[in-house]
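What follows is a set of notes on a single structure, which appears directly below.
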Amino acid sequence: MTLFSWYVDGAIILFYIIGTLVAGLWVRRYVTKVDDYLVAGRKVDLYLGIASLAATEFGIVTFMANAELGYKYGFAGITPGIALMFAMWLIGQTGFCIKPLREERVITLPEFFDKKFGKKVRWACGVVIVLGGLLNMGVFLRMGGDFLTVVMGIDPGYLEVMMTILLLIVVAYTILGGMLSVLVTDYLQFIVMSIGLIAVTCLFLYNYGWNALTDNLMEKYGARAFNPFIGGQYGWDRVCLDIFLAFASVLTWQTMITRVLAARDTKTGQGIYRGTSPFFLVRFAIPALFGIVAFYYFRGGGALPSSDILAMPAMIAAVVPVGLLGILIAAMLAADMSTNSSYLLAWSSVIYNDILEPFHRNKWSEKRGLRVNRMLVGAIGIFLLLYGLWYPLKGDLWVYLQITGTIYLASMSVILIAGCYWRKANNWGAIAAILAGAIIPITFLIMQQLDVSQDFAAMIGPYKAGIAAYLVTGVAMVLGSYLKRWLT
């Protein structure tokens, strides 16, 4: 059952979508060069950068994943947000890696690696980044469709239609306006998203009360709902993976690092990281709270949802009143559109700038370069739609995002640190790190899907597999670099 009204809530959503499309398409006339399209001419100031990065990293998929953590683990599910906040503030404060990266005035990480390790490493890094990024993004449209069908009371049979509509809206203004459209719409979406989430959060706290929510967690889960290190439900290995992932993503996740590369100078880039760091805790805390409210609602007598991942949207559909529900859905669409547009642009920029570099060698005209980038955005959108329809998700959504992200985060973070601060690092070490970082998580994902290896994959667990990827990648970088020095 849902309280959604097509006349009231539907009108609010339609008004927002039209406004966003108009704003995104309006800036098309300012896009004349590839740099404008991919990094907004490197003119992003502090406050626009903070709003854009905050909006980009808070989509429906993030909201669903983090709400599931709150539903299953209580406040212990906020642990990844604490790690991300600390990592982002520390790197923004010190300029660790991001300062030398911004000063090289590159568009992507592989371009930076080209200067340090050569074109073969650049190309290989581009392939791994796109592979990990697309697999990571592959469930975004499905999660967005699942959320909307539940909260709007739409028959699940229309999931594919909903996913296609979402894709078309985002691709339209991303193809035409590039990073400029993303920045403008991100700013609008940050405002709408903040209003919707704050309003509904206040409603939940007023209706249920903080003490009732925490008492329910203590009764059902015990102390492990507040401490990830006890009870065996969350565990040390998962906390360690959260920490590895936090620092690696802040340093190398393309949609994050793009804000630094698009900043008007290094100081502004560092300020964007420091200013956004508290939001990365909020990004986990608010969805986790929604998950905790869903746990209170359903465990208190409501009909249980078909799966844990759908608990939060099912609760929202049942308790958020008309009008406010429309604002919340508009806020979620705002979050999802900003996330999807930024991710589409991030992976297309790597394909164009690095994987296709041997073909264009930076000699294509600006007009041709823009046309190719727009075609890439459209092609990626089609892939994501098809992948989201057939891939069966195993386990927690957040764990899937961690493992697919690790495919490139492990190697790219190690190579970036070595390239910035270790003089003995060379291309052999970089290639060894790329192979080691990709093989472990990809192998684990395949094992999860095969009947003959599912039990073995479950015994290892995704957290130990993820930690192993980071550790083995570091060792591979060192051994590969020394091996070249010994043999050549």
For the range 342-350, state whether one or more residues are without any contact (Cβ under 8 Å) to a residue 60 or more places away in the chain, on the phi < 0 side of the Ramachandran plot, in a helix (DSSP H, G or I) and buried (at least 24 other Cβ atoms within 10 Å of the Cβ). yes
Going through (1) in a helix (DSSP H, G or I); (2) farther than 18 Å from Thr404 by Cβ one by one, Phe444 fails only at (2)
Those residues of the range 143-190 that are within 24 Å of Ala346 (Cβ to Cβ), among the acidic types (Asp, Glu) and at pLDDT 65 or above come to a total of 1
Pairs needed: first member in the range 262-289, over 13 Å from Ser52 (Cβ atoms); second member anywhere, acidic (Asp, Glu) and in a helix (DSSP H, G or I); C-beta distance under 7 Å; at least 6 residues apart or different chains. Thr266/Glu103
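Results for (1) in contact with a Leu (Cβ under 7 Å, 6 or more places away or on another chain); (2) buried (at least 22 other Cβ atoms within 10 Å of the Cβ); (3) farther than 22 Å from Gln233 by Cα; (4) hydroxyl-bearing (Ser, Thr, Tyr), shown as yes or no for each residue.
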{"residue": "Gln402", "(1), (2), (3), (4)": "yes, yes, no, no"}
{"residue": "Ile407", "(1), (2), (3), (4)": "yes, yes, yes, no"}
{"residue": "Ala425", "(1), (2), (3), (4)": "no, yes, yes, no"}
{"residue": "Leu435", "(1), (2), (3), (4)": "no, no, yes, no"}
{"residue": "Ile440", "(1), (2), (3), (4)": "no, yes, yes, no"}
{"residue": "Asp451", "(1), (2), (3), (4)": "no, no, yes, no"}
{"residue": "Asp455", "(1), (2), (3), (4)": "no, no, no, no"}
{"residue": "Thr473", "(1), (2), (3), (4)": "no, yes, yes, yes"}
{"residue": "Arg485", "(1), (2), (3), (4)": "no, no, yes, no"}
Of Glu104, Glu111, which residue is at pLDDT below 90, of a type in the set (Asp, Glu) and buried (at least 18 other Cβ atoms within 10 Å of the Cβ)? Glu111
What are the residues in the range 38-82 that are at pLDDT 90 or above, farther than 20 Å from Leu328 by Cβ and of a type in the set (Phe, Trp, Tyr), if any? Tyr73, Phe75
Could you list all residues from the range 97-123 that are closer than 20 Å to Asp265 by Cβ, in a loop (DSSP other than H, G, I, E, B) and either among the β-branched types (Val, Ile, Thr) or touching a residue at least 24 places away in the same chain (Cβ under 8 Å) (or both)? Cys97, Arg105, Val106, Ile107, Thr108
Matching residues, the range 114-169, being of a type in the set (Gly, Ala, Ser), more than 27 Å from Glu357 (Cβ to Cβ) and surrounded by fewer than 21 Cβ atoms within 10 Å (Cβ to Cβ): Gly153, Gly157
Given (1) within 21 Å of the chain's Cα centre (by Cα); (2) crowded, with 22+ Cβ neighbours inside 10 Å; (3) of a type outside the set (Val, Ile, Thr), identify the lone condition not met by Gly429. (1)
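Results for (1) surrounded by fewer than 16 Cβ atoms within 10 Å (Cβ to Cβ); (2) touching a helix residue (DSSP H, G or I) at 6+ places or on another chain (Cβ under 6 Å); (3) part of a helix (DSSP H, G or I), shown as yes or no for each residue.
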| position | (1), (2), (3) |
| --- | --- |
| Leu203 | no, no, yes |
| Tyr206 | yes, no, yes |
| Asp215 | yes, no, yes |
| Arg224 | no, no, yes |
| Asp237 | yes, yes, yes |
| Val250 | no, yes, yes |
| Val260 | no, yes, yes |
On the given criteria, is Ala311 in contact with a Leu (Cβ under 9 Å, 6 or more places away or on another chain), surrounded by fewer than 19 Cβ atoms within 10 Å (Cβ to Cβ), touching a residue at least 40 places away in the same chain (Cβ under 8 Å) and outside any loop (DSSP other than H, G, I, E, B)? no
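The values are calculated or read from the model by the stated rules, or taken from the named source; none is laboratory data. Values in this document were obtained by computation on a predicted structure and should not be read as measured data. Neighbour counts are summed over all protein chains in view; Cβ atoms, including those assigned to glycine, are modelled from backbone coordinates with ideal geometry.
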